[in-house]
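The values are calculated or read from the model by the stated rules, or taken from the named source; none is laboratory data. Keep in mind that what you see is a predicted model, and the values were worked out from it rather than measured. Because the Cβ atoms are built from the backbone with ideal geometry, glycine has one as well, and the counts that use them run over all protein chains shown.
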Amino acid sequence: MLALDTQKEIAQLLSRYPIKRNALLPILHVVQKGNEGYLTPELLEEVAGICEVSQTHVEGVISFYTMYKLEKPGKFHLQVCTCVPCCLVGGEELLEHVEQQLDTHAGHTADDGVFSVEEVECLGACSYAPAVIINEDYHEQMNPEKLDRLMDELRTQGQAHA
Ligand code: FES
């Protein structure tokens, strides 16, 4: 069942989209935001009903766009670029390093729930490769040591606000 705030936001969106299926992407965004950053099969079914499309259609859409999540993300979500310009200066090694540190794989959340990690395509910061986004913030010219320090700071912050 969608939260009341989420329902209100959806109603506002639908008022701007005469064809309900055209509101699918923003509705998914609103529903995900209202559910701690991820979508469940029940929510997908609800969204399919609202947008008058099949659940298979909704699943196809979310499998195409990396911004939709089917697993609860960590408090800090790392997006590590592994496109060619970043890989040439250590992007892939950076991703492997993070996976080792968190004892998880790209696309998943570490057991403590503090960090999740995702392998992504170009983040538009190739001149400052390798690039990482943590939540909304860009971190450029990263290396394992810089990233370890940053993650230690974030982990401390995360524990302070837990
Ligand atoms: S290739 Fe990594 S930011 Fe563009």
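Points worth noting:
- Between E59, E52, E92, the distinction of being in the same structural domain as N22 (by TED's automatic domain parsing), surrounded by 14 or more Cβ atoms within 10 Å (Cβ to Cβ) and out of contact with any Gly (no Cβ under 9 Å at 6 or more places or on another chain) belongs to E59 only.
- E145 among the acidic types (D, E), more than 12 Å from H77 (Cα to Cα), assigned by TED's automatic domain parsing to the domain that holds H105 and near the ligand (Cβ under 10 Å from one of its atoms): no
Conditions tested, residue by residue: (1) without any contact (Cβ under 8 Å) to a residue 60 or more places away in the chain; (2) part of a helix (DSSP H, G or I); (3) over 27 Å from S116 (Cβ atoms).
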residue: M1; (1), (2), (3): yes, no, no
residue: T6; (1), (2), (3): yes, yes, no
residue: Q12; (1), (2), (3): yes, yes, yes
residue: S15; (1), (2), (3): yes, yes, yes
residue: N22; (1), (2), (3): yes, yes, yes
residue: L25; (1), (2), (3): yes, yes, no
residue: V30; (1), (2), (3): yes, yes, no
residue: Y38; (1), (2), (3): yes, no, no
residue: L44; (1), (2), (3): yes, yes, no
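- Some residue of the stretch 136-152 being surrounded by fewer than 12 Cβ atoms within 10 Å (Cβ to Cβ) and closer than 12 Å to C86 by Cα: no
- Residues that are assigned to a loop (DSSP other than H, G, I, E, B), farther than 19 Å from N135 by Cβ and free of Cβ contacts under 8 Å to residues at least 24 places away in the same chain within the stretch 66-104 comprise just one, D103.
- Total residues in the stretch 62-84 satisfying the condition of being surrounded by fewer than 18 Cβ atoms within 10 Å (Cβ to Cβ) and β-branched (V, I, T): the figure is 2.
- Odd one out for P130, checked against (1) in a loop (DSSP other than H, G, I, E, B); (2) out of contact with any Pro (no Cβ under 9 Å at 6 or more places or on another chain): (2)
- Taken over the stretch 122-149, the residue count meeting the criterion of being of a type in the set (D, E, K, R) and in contact (Cβ under 8 Å) with a residue 40 or more places away in the chain is 1.
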